[in-house]
Amino acid sequence: MVCVVIDKRDLVESYEYSFHPYHYCLAAMLDRYCGWLNYWNAVGDVMVESRGGYEDTQLKSAYKRVYDSGTLLFPADHHQQALTSSQLKLRPKTANIAGLQLADVLAHPVKQWCLWRRGIIEKPSGFGGRLVEAVQDKLNRRYGTEEVDGYGAVWLPRKQMKTPPGRGTLSR
């Protein structure tokens with residue numbers, strides 16, 4: 001599992017950036033997903049929930065750009081050898097795709113956990129807090145060091161993270 005959180009205000013203030021913030025997140029997510037697949041010598045698909053005509057067209061284009069040209073971190077073959085298709089798969093919420101439903105359930109609690117680790121909010125409690133505790137060992141990690149930051153928990157724009165006390169790297 002990978003959670004990419006973007007601070008849009010910091011992105012705009014820090015960089016002259018013409019890339020759509022969500023497309024920036026998509027590229028970061030694809031870098032990590034393809035890295036994981038390549039590590040295990042596996043291939044996989046990418047499917048997202050449809051948002052509507054124009055947004056879908058733009059997202060498909062952003063995916064195709066990463067597939068064809070790579071990203072700032074990885075060349076195109078990093079993605080091409082891991083992904084089964086050069087085309088992004090989109091499905092409406094009404095299709096009730098299990099993986100998309102699971103992503104919906106996990107997205108907010110895992111984002112809140114990332115914000116807590118940054119010292120931005122109080123520690124998540126209730127169902128969301130318990131959910132993250134149950135799934136946190138599924139976060140992508142750097143092999144050998146078990147580091148989560150930059151692998152399973154990605155903060156954009158990428159600045160050096162200073163983890164507040166009590167919010168260190170998770171243990172398995």
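Laboratory data are not the source of any read-out in this text; all were calculated from the coordinates shown. No experiment lies behind these values; they were computed from the predicted model shown. Note that we place each Cβ from the backbone using ideal geometry, even for glycine, and neighbour counts take in every protein chain shown.
General remarks:
- Sequentially through the stretch 48-61, phi angles give Karplus couplings (6.51, -1.76, 1.60; θ = phi - 60°) of 10, 7, 5, 10, x, x, 5, 4, 5, 4, 5, 5, 4, 5 Hz, Gly and Pro residues having no value and appearing as x.
- FRET efficiency estimate (nearest 0.05) - Cβ-Cβ, residue 6 to residue 127, R0 30 angstrom: 0.75
- Adding -39500 (n - 2.57) for every DSSP H run of four residues or longer, then dividing by how many residues the chain holds, sets the calculated 222 nm ellipticity at -14500 deg cm²/dmol.
- Between residue 58 and residue 120, the C-beta separation translates, for a Förster distance of 25 Å, into a calculated FRET efficiency of about 0.30.
- Computed from Cα atoms alone, the Kirkwood hydrodynamic radius reported for the stretch 46-94 is 11.4 Å.
- Answer label for volume of the Cα convex hull per residue in Å³ (calculated), chosen among [x] 135; [y] 115; [z] 143: [x]
- Each peptide among 135-141, 32-38 gets the average number of other Cβ atoms lying within 10 Å of its residues, and from highest to lowest they stand as 32-38, 135-141.
- Simple spin-label estimate for residue 97 and residue 145 in nanometres, 7 Å along Cα-Cβ: 3.3 nm
- Relative contact order %, the stretch 68-142, counting alpha carbon pairs below 8 Å whose residues are six or more apart: 17 percent
- Helix axis angle, 21-39 relative to the chain longest principal axis, alpha carbon, degrees: 90 degrees
- Net charge, residue 103 excluded, C-beta distance under 13 Å - Lys, Arg +1, Asp, Glu -1: +2
- The stretch between residue 137 and residue 105, if pulled fully straight at 0.36 nm per residue, gains 9.8 nm over its current Cα-Cα span.
- Each residue in 142, 65 was given a count of other beta-carbon atoms within 10 angstrom of its own, and listing them fewest first yields 142, 65.
- Lys pairs under 20 Å by Cα in the chain, provided they are eight or more residues apart or on distinct chains: 12
- Relative contact order for the chain, counting Cα pairs under 8 Å that sit 6 or more residues apart, in percent: 30 percent
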